[in-house]
Amino acid sequence: TDATAVPPAQKSSWTNFIKQIASFSGDLSSLTAPPFILSPVSLTEFPAYWGERPELFSSIAEGVDEEDRSVRALKWFIATLKGQYTSRNEKMGSEKKPLNPVLGELFFGEWPETETRGKTTLTVEQVSHHPPVTAYRMYNAKSGVELSGFSGQKTSFSGGSIIVKQTGHALLTLHGLPTGKERYLITLPRLRIDGLWYGSPYTELSDMSYIQCENGWLSTIEYKGKGYFSGKPHSFKAVLTPPYNHPAPEEHTHVIEGTWHETSAYTKASGFQPELKPGLGTPYFTDVRGPKEEITVKPESEQSEWESRKLWRKVADGIKNGDYEVASKEKTKIETSQRQMRKDEQAAGTTWKLKYFEKIPHDEVYEHLASMYGGQPPTEEMYVYIGPDAVKD
Ligand code: HCR
């Protein structure tokens with residue numbers, strides 16, 4: 001077999017890279033990859049995938065009851081997966097190695113207000129460099145829907161694929177419902193990066209992830225790829241179950257099956273029949289074949305030196321223009337200045353201070369919600385948003 005997607009001049013460097021990955025477990029970001037696989041986009045931009053269906057996000061709060069809101073939360077979550085996991089393949093031809101954010105790197109953006117929705121804003125901060133950890137907060141003030149979370153990766157190599165265990169979690173909070181606030185824990189699927197040998201990596205999801213609402217509704221999402229139960233890539237099956245003390249659990253269990261990059265539909269929706277509800281009335285549960293809305297970011301001339309696109313501009317241009325010498329020279333400049341900052345901090349006995357988030361070692365909301373369905377690990381840290389528009393309720 002031949003690594004067909006690898007430019008001839010980079011074949012040996014690609015083979016070396018794969019060998020390095022295979023003999024190494026941990027933080028992939030520190031490995032040097034051949035130019036053809038480099039992406040000009042920093043990992044701090046990735047949380048924007050959560051917001052690319054802004055109507056679905058803000059309308060979670062419009063659900064008439066807990067069951068309806070849980071359905072809407074699941075629908076929005078599934079609809080984000082295509083962007084999260086296949087958009088690099090669509091835009092750049094394959095999964096690529098994102099730029100490894102520096103500590104303190106920031107990314108801001110918004111999905112502007114329209115007639116049908118309020119404005120949704122996103123704040124992202126890189127809270128750790130090695131290993132990379134990204135904290136984010138997305139908020140729609142009009143509907144009171146907020147998502148906050150953090151994202152890290154533990155990687156290993158198995159059977160020719162990179163296995164990525166995602167660390168971190170997200171909390172979805174609906175503020176200001178007539179019944180008070182309602183919180184949901186969202187956990188993240190495991191990734192397998194296949195197609196490495198051919199030089200055209202793509203991401204497949206595996207295992208399970210959960211959306212646990214504090215009032216007891218639980219979505220269990222099972223991911224399968226090609227060759228497993230449906231034989232189709234990017235398949236999933238989601239089961240939404242009512243709280244344990246619900247009087248009619250069977251009639252209120254929802255089952256949705258399909259592919260997360262195309263369409264999914266109910267295979268069981270007895271009782272509640274949300275597909276008949278206004279606004280949810282399509283034969284599909286999710287249909288993400290149409291366009292999504294990318295985040296709006298203010299021009300670089302108005303950005304600070306810490307904002308991702310401005311910070312990486314010269315490196316990104318080098319990668320885009322195929323001028324890898326420039327890219328690597330500019331990357332070295334950024335890394336050198338970062339090392340100097342860490343040295344200065346050490347000498348002064350200080351540490352880097354986060355700007356928009358505060359780290360807490362144990363997240364009680366996570367602990368409580370994970371214990372409801374036996375989620376692992378039993379406890380986890382969290383980065384709490386402390387920006388000027390933090391919601392206090
Ligand atoms: C694993 C990955 C970096 C992390 C990316 C994450 C998990 C980040 C959080 C997002 O919400 C979802 C997401 C999607 C990406 O699929 C995932 C990336 C895929 C590749 C990249 C590696 C660090 C790069 C490996 C190098 C390969 C492509 C040769």
Open item on the list: Looking at the structure I just gave you, is Thr296 more than 16 Å from Glu67 (Cβ to Cβ) and either of a type in the set (D, E, K, R) or at pLDDT 95 or above (or both)?
Closed with: yes
Open item on the list: Contact list please: Cβ distance under 6 Å, first residue in the stretch 159-182 and within 30 Å of Gly26 (Cβ to Cβ), second residue of a type in the set (Ser, Thr, Tyr) and modelled with pLDDT under 95, pairs at least six apart or on different chains.
Closed with: Ile162/Thr155; Ile163/Ser156; Val164/Thr155
Task: Residue satisfying condition, being among the aromatic types (Phe, Trp, Tyr), at pLDDT below 90 and either crowded, with 18+ Cβ neighbours inside 10 Å or out of contact with any helix residue (DSSP H, G or I) (no Cβ under 6 Å at 6 or more places or on another chain) (or both), within set Phe24, Phe17 - done: Phe24
Task: Elements of type strands (runs of 3 or more DSSP E) in the stretch 171-275, at least 3 residues being aliphatic (A, V, I, L, M) - done: 202-213, 235-241
Task: All positions within the stretch 293-306 that are under 25 Å from Ile37 (Cβ atoms) and crowded, with 16+ Cβ neighbours inside 10 Å - done: Ile295, Val297
Open item on the list: Being touching an Asp or Glu at 6+ places or on another chain (Cβ under 8 Å), of a type in the set (Lys, Arg) and surrounded by 17 or more Cβ atoms within 10 Å (Cβ to Cβ) narrows it down to one residue among Arg309, Arg313; which is it?
Closed with: Arg309
Open item on the list: If I go through the stretch 135-163 residue by residue, how many of them are over 13 Å from the mean Cα position of the chain (by Cα) and part of a strand (DSSP E or B)?
Closed with: 12
Task: Ile78 vs. criteria out of contact with any strand residue (DSSP E or B) (no Cβ under 7 Å at 6 or more places or on another chain), touching a residue at least 60 places away in the same chain (Cβ under 8 Å), within 16 Å of the ligand (Cβ to nearest atom) and of a type in the set (A, V, I, L, M) - done: no
Open item on the list: Looking at the stretch 195-203, can you tell me whether even one residue there is touching a Pro at 6+ places or on another chain (Cβ under 8 Å) and in contact (Cβ under 8 Å) with a residue 12 or more places away in the chain?
Closed with: yes
TODO: State whether the residues of the stretch 145-168 include one that is over 25 Å from Ala370 (Cα atoms) and away from the ligand (no atom under 16 Å from the Cβ).
DONE: no
Task: Of residues in the stretch 25-73 being away from the ligand (no atom under 12 Å from the Cβ) and not in a helix (DSSP H, G or I), the one nearest to Arg137 (Cα to Cα) - done: Arg53
Open item on the list: It is to be established whether one or more residues within the stretch 95-107 are among the basic types (Lys, Arg), farther than 26 Å from Lys314 by Cα, modelled with pLDDT of 95 or more and surrounded by fewer than 20 Cβ atoms within 10 Å (Cβ to Cβ).
Closed with: no
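The values are calculated or read from the model by the stated rules, or taken from the named source; none is laboratory data. Everything numeric in this text was worked out from a predicted model, so none of it was measured. Every residue, glycine among them, receives a Cβ derived from its backbone with ideal geometry; neighbour counts consider all protein chains shown.
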